[in-house]
Amino acid sequence: MRKKILWMTETAVLLALLVTLQALTKPMGQLVTGSCVNAILAIAVLVAGMGSGITIALVSPVFAYLFNIAPNFVTVLPIMIGNVCFVVLLRLIAGTHHRPLWRQPVALLAAAGMKFAVLYLLVVKVICGFASGALLGQKLGNVVVLAPPMLKILPTMFAWPQLATALIGGAVALLITPVLRKALHR
């Protein structure tokens with residue numbers, strides 16, 4: 001029971017920090033906000049565990065959409081998938097603090113590369129590519145699924161900035177994680 005309460009508390013604190021950072025850094029742009037989000041994702045999975053990392057990976061795009069950070073609701077699911085790939089790969093390769101130190105930068109490069117590839121494929125190639133004809137101008141209730149301006153914005157947002165923000169955020173997390181583990185006696 002104690003472990004479950006600890007997991008819920010850590011996940012809730014990290015999620016609250018993520019939401020706060022999303023709200024505060026939104027005016028600073030994608031590079032800052034995305035880097036902060038990726039740092040929290042990496043810290044969550046490396047300090048609190050896989051369950052915490054995946055939970056935050058799935059919830060953060062919803063808040064990004066609610067805060068108008070995610071430009072369109074059709075990007076929420078691809079962001080979720082990209083985030084989950086990022087945290088799972090980071091955890092599987094970097095693992096816990098008992099693994100060799102060289103694995104962390106390797107894990108970061110692999111996880112950031114995977115997140116970038118997944119988002120680029122799903123958003124740029126699928127949503128803006130061959131699915132754009134079926135989605136363009138369609139409505140789901142009162143919301144337009146994909147408007148023409150999005151076809152110009154999305155390929156830019158989901159290209160190299162995704163790799164940059166994952167690398168920056170992950171690097172920050174790798175610097176902070178040992179300090180947090182020491183403070184939490186892990």
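Taking 23 Å as the cut-off for C-alpha to C-alpha distance, list the pairs among 125/152; 3/115; 26/152; 115/152; 26/182; 4/115 that go past it. Each step should come with its number before you reach the end.
Numbers: 125/152 13 Å; 3/115 30 Å; 26/152 20 Å; 115/152 21 Å; 26/182 31 Å; 4/115 29 Å.
Correct reply: 3/115; 26/182; 4/115.
Projecting the Cα atoms of 66, 147, 113 onto the charge dipole of the chain, computed from C-beta unit charges around the Cα centre, puts 113 farthest toward the positive end. Using alpha carbons only, how many degrees (0 to 90, rounded to 10) separate the axis of helix 76-94 from the longest principal axis of the chain? Rounded to the nearest ten degrees, it is 30.
Seen against the Cα atoms of the chain and their longest principal axis, helix 160-183 is set at about 20 degrees. Phi-derived couplings, Karplus 6.51 cos²θ - 1.76 cosθ + 1.60 at θ = phi - 60°, listed residue by residue for segment 56-61: 5, 4, 7, 7, 4, x Hz, with x used for Gly and Pro.
Treating each Cα of segment 36-91 as one equal point scatterer and applying the Debye formula with no solvent, the log10 of I(q)/I(0) at q = 0.16, 0.24, 0.26, 0.31 Å⁻¹ comes out as -0.41, -0.83, -0.94, -1.18.
To two decimal places, what compactness ratio does segment 75-156 give when its Cα radius of gyration is scaled by 2.2 N^0.38 Å?
Relative to the 2.2 N^0.38 Å estimate, segment 75-156 comes out at 1.43.
How many percent of all Cα-Cα pairs in segment 110-170 sit more than 15 Å apart? Write down the numbers at each step before the final one.
Numbers: 962 of 1830 pairs.
Of all Cα-Cα distances in segment 110-170, 53 percent exceed 15 Å.
Taking the longest Cα principal axis of the chain as reference, the axis of helix 30-43 is set at about 40 degrees.
Sort 55-64, 172-181 by the packing proxy (mean of other Cβ within 10 Å over each peptide's residues), most packed first. Each step should come with its number before you reach the end.
Numbers: 55-64: 20.5, 172-181: 15.8.
Final packing ranking: 55-64, 172-181.
Taking other residues whose beta carbon is less than 13 angstrom from the beta carbon of residue 41, and scoring Lys, Arg as +1 and Asp, Glu as -1, yields +2. The P(r) of segment 1-65 has a tail past 19 Å containing 27 percent of all C-alpha pairs.
Taking only protein heavy atoms and a 1.4 Å probe, the accessible area of the chain is 75% carbon and sulfur.
Over the chain, accessible surface divided per residue gives 51 Å², non-protein components excluded, 1.4 Å probe. Summary of the geometry: segment 80-110 and segment 21-57, compared by the centres of their Cα atoms, lie 15 Å apart.
Using the crude model of +1 on Lys and Arg Cβ and -1 on Asp and Glu Cβ, and no other charge, please compute the dipole size for the chain relative to its Cα centre, in debye to 20.
Values: 14 positive and 1 negative charges, 97 e Å.
Charge dipole of the chain: 460 debye, to the nearest 20.
The values are calculated or read from the model by the stated rules, or taken from the named source; none is laboratory data. No experiment lies behind these values; they were computed from the predicted model shown. Ideal geometry is used to build each Cβ from the backbone, glycine not excepted, and the neighbour counts take in all protein chains shown. Surface areas here come from the heavy atoms of the whole protein model, side chains and all, with no ligands, DNA or RNA. Shrake-Rupley method; radii C 1.70, N 1.55, O 1.52, S 1.80 Å.
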